[in-house]
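A.B. asks: This is the structure I want to talk about, given as structure tokens.
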Amino acid sequence: METSILSFFYLEGDFKLIEGRLKKRKNHFFKPNMLVSQFDTLEVPSNDEKDVYVIDIKPPLVEVIDNTVKLIDEIITKENR
């Protein structure tokens, strides 16, 4: 069994979702127009990258956090077997 001490979390959300959230921020350095270049250079992880875990950011923040904590618990449990 191959284990890794390092894991990556890819926060998955489409352009419109993230743009909408950025527009709600006040006085933040990252402006919505900067998002285009970020999506242009984004490299979505492939299925063969076993150390990358995808987090769906569509749900409300509290749910995203809950799901992420549960996933971390699962990873830790799996690696301690």
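A.B. asks: Quickly estimate the mean residue ellipticity at 222 nm for the chain, helices only: each DSSP H run with n ≥ 4 gives -39500 (n - 2.57), and the total goes over all residues, rounded to 500. The partial results should precede the final answer.
C.D. replies: On the way: 3 runs with 36 residues, N = 81.
Taken over the chain, the calculation gives -14000 deg cm²/dmol.
A.B. asks: When only C-alpha pairs under 8 Å and at least 6 residues apart count, what is the relative contact order of the range 8-79, in percent?
C.D. replies: Working: 40 pairs, mean separation 30.6, N = 72.
Across the range 8-79, relative contact order equals 42 percent.
A.B. asks: Using alpha carbons only, how many degrees (0 to 90, rounded to 10) separate the axis of helix 61-79 from the longest principal axis of the chain?
C.D. replies: 20 degrees
A.B. asks: Here's something else I'd like to know. Once amide H atoms are placed 1.01 Å from N in the peptide plane, what residues at a sequence separation of 5 or more from Val54, or on another chain, have their amide H within under 5 Å of its amide H?
C.D. replies: Hits under the 5 Å cutoff: Tyr10.
A.B. asks: Output the 0 to 90 degree angle, nearest 10, between the alpha-carbon long axis of helix 15-24 and the longest principal axis computed from the alpha carbons of the chain.
C.D. replies: Helix 15-24 sits roughly 60 degrees off the main axis of the chain.
Only the coordinates and a few stated rules stand behind these numbers; no lab work does. No experiment lies behind these values; they were computed from the predicted model shown.
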